[in-house]
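K.L.:
Take a look at the following structure, please.
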Amino acid sequence: MKKSIYAAALATTVALTLAACGAAPEEEEPGGGEATGGAAEQVDYSACVVSDAGGWDDKSFNQSAYEGLMRAVDELGIEANDAESQSETEFGPNVDSMVQAGCDLTFGVGFLLEDAVQAAAEANPDTSFALIDSAFSEGEQQVDLENAKPILFNTAEAAFLAGYVAAGMTQTGTVGTFGGLQIPSVSIFMDGFADGVAAYNEDQGADVRLVGWDKEAQTGAFAGTFDDIAAGRQQADQLIAQGADIIMPVAGPVGQGAAQAAVESDGAVRIIGVDSDWYESTEYGEVVLTSVLKDISQAVFDTIEQGVNGEFSGEAYVGTLENEGVGLAPFHDFDSQVPQELKDRVAELQEEIVSGERTIETVNAPSA
């Protein structure tokens, strides 16, 4: 399905081994300016990124992609450029501007940039492209492009672990989740979270309730935006009113509104972050139980390195627990509060997923 449908809506690791994403680099100012590296010997290669709405300081997937680009500048000696989108109407022009600037490789950050990146890739077969969180398609059929790489993440695996933890840590017996927009790269988190809660109930004979998402019906709570923090606060308040004391917002910077609500609950509500380790990347560490990590930064760096080495291909990358493309962040300040029995069981579940003994099923799984 083409993403123009969802673009319209835009307008209205326990302690696993992935490194957490921090704040955006202070020495490099994103937003259209060209950056060059100083540590590595310069190479004749340029990589560029175009953001989704939310910008490079979204404490989420845009920022993670930008950090991967800046690492490539420092370690590989590439040149870099970026375009920060303020709305969906800027996606196409921003991608085209990177092509016109002579970028060897251009990344689109987010599912909603599929149309823009695919159109540019088809029009410029000698230029390389990559799209984070989506494959390419024509109607209902997925298509493969030799010069465009889908960068995908099976976040349901890590979100399953987070759901299990949430069910094991709730004091009210109710946990919640909400999304920004109902698109596969969002719903996949919510599917995994729901399955984790269900697995805990089955294991423990418990009856923890999940509000905000019905996996079977694929319906739930959505803010309708990725950039209105107040909408995230509203969604969180509604889930809290239903008894949720642990909430996983899957909404980019909008999730910070939920974190604000948790801070003001005086310790009654905790948050599970997504994409980056919110304990490290946001100002709300005091309420962050853990985070579902998606290592976009490493995937961006690796893709650029392939390009520099003449090894770029359109073959899709899928991040999983097995290849450490996704994971669960440390419990940080809450570590002493998480029972060792729960930690051990989550570690066992991770091994079951990695070995293939357990599969997290979701209609929103990335196909490659």
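K.L.:
Which ones in the range 297-318 are farther than 17 Å from residue 148 by Cβ and touching a helix residue (DSSP H, G or I) at 6+ places or on another chain (Cβ under 7 Å)?
P.N.:
Passing the criteria: 297, 298, 301, 305, 308.
K.L.:
Find the residue count for the range 229-242, including only residues that are within 21 Å of residue 52 (Cβ to Cβ) and either among the acidic types (Asp, Glu) or assigned to a loop (DSSP other than H, G, I, E, B) (or both).
P.N.:
Counting residues in the range 229-242 that are within 21 Å of residue 52 (Cβ to Cβ) and either among the acidic types (Asp, Glu) or assigned to a loop (DSSP other than H, G, I, E, B) (or both) gives 0.
K.L.:
Follow-up question, since we're still on this one. Name the residue that is farthest from residue 225 (Cα to Cα), counting only residues in the range 113-138 that are among the hydrophobic types (A, V, I, L, M, F, W, C) and open to solvent by 10 Å² or more (accessible area, probe 1.4 Å).
P.N.:
Only one residue fits best here, namely 123.
K.L.:
Can you pull out every residue in the range 46-77 that is open to solvent by less than 10 Å² (accessible area, probe 1.4 Å), part of a loop (DSSP other than H, G, I, E, B) and not hydrophobic (A, V, I, L, M, F, W, C)?
P.N.:
The answer is 51, 52, 55, 58, 60, 77.
K.L.:
Every residue in the range 297-355 that is among the aliphatic types (A, V, I, L, M), more than 21 Å from the chain's Cα centre (by Cα) and under 20 Å from residue 132 (Cβ atoms), please.
P.N.:
308
K.L.:
In addition: Does the range 81-89 contain any residue that is closer than 27 Å to residue 228 by Cα, at pLDDT 80 or above, open to solvent by 10 Å² or more (accessible area, probe 1.4 Å) and β-branched (Val, Ile, Thr)?
P.N.:
For the range 81-89, residues closer than 27 Å to residue 228 by Cα, at pLDDT 80 or above, open to solvent by 10 Å² or more (accessible area, probe 1.4 Å) and β-branched (Val, Ile, Thr): present.
K.L.:
While we're looking at this one, here's another question. Output the number of residues of the range 339-364 satisfying the condition of being open to solvent by less than 30 Å² (accessible area, probe 1.4 Å) and part of a loop (DSSP other than H, G, I, E, B).
P.N.:
Number of matching residues: 3.
K.L.:
Please enumerate the residues belonging to the range 284-296 that are buried (at least 24 other Cβ atoms within 10 Å of the Cβ) and either in contact with a Lys or Arg (Cβ under 8 Å, 6 or more places away or on another chain) or of a type in the set (Ser, Thr, Tyr) (or both).
P.N.:
Matches in the range 284-296: 287, 288, 289, 290, 291.
K.L.:
Here's something else I'd like to know. Is it the case, given these coordinates, that residue 99 is crowded, with 24+ Cβ neighbours inside 10 Å and either in a helix (DSSP H, G or I) or among the charged types (D, E, K, R) (or both)?
P.N.:
no
K.L.:
Which of (1) out of contact with any Ser or Thr (no Cβ under 9 Å at 6 or more places or on another chain); (2) modelled with pLDDT under 95; (3) surrounded by 16 or more Cβ atoms within 10 Å (Cβ to Cβ) is the odd one out, the single condition residue 367 does not satisfy?
P.N.:
(3)
K.L.:
Of all residues in the range 262-283, which are crowded, with 24+ Cβ neighbours inside 10 Å, among the small types (Gly, Ala, Ser) and farther than 14 Å from residue 57 by Cβ?
P.N.:
Answer for the range 262-283, where residues must be crowded, with 24+ Cβ neighbours inside 10 Å, among the small types (Gly, Ala, Ser) and farther than 14 Å from residue 57 by Cβ: 262, 273.
K.L.:
While we're looking at this one, here's another question. Among the residues in the range 216-227, are any open to solvent by less than 10 Å² (accessible area, probe 1.4 Å) and small (Gly, Ala, Ser)?
P.N.:
No.
K.L.:
For the range 78-96: of the residues being among the hydroxyl-bearing types (Ser, Thr, Tyr) and outside any helix (DSSP H, G or I), which is farthest from residue 295 (Cα to Cα)?
P.N.:
By that ranking, first place goes to 87.
K.L.:
I'd like to check something: does the range 243-250 contain any residue that is in a helix (DSSP H, G or I), open to solvent by less than 40 Å² (accessible area, probe 1.4 Å) and among the β-branched types (Val, Ile, Thr)?
P.N.:
no
K.L.:
Right, here's the next one. Hey, which of the strands (runs of 3 or more DSSP E) in the range 130-207, taking only ones fully inside, have at least 2 residues that are closer than 24 Å to residue 287 by Cα?
P.N.:
Passing ranges, in order: 174-179.
The values are calculated or read from the model by the stated rules, or taken from the named source; none is laboratory data. Values in this document were obtained by computation on a predicted structure and should not be read as measured data. All Cβ positions, even for glycine, are placed from backbone atoms using ideal geometry, and neighbour counts span all protein chains on display. The protein model used for the area step is the full one, side chains on, heavy atoms only, and it has no ligands, DNA or RNA in it. Shrake-Rupley method; radii C 1.70, N 1.55, O 1.52, S 1.80 Å.
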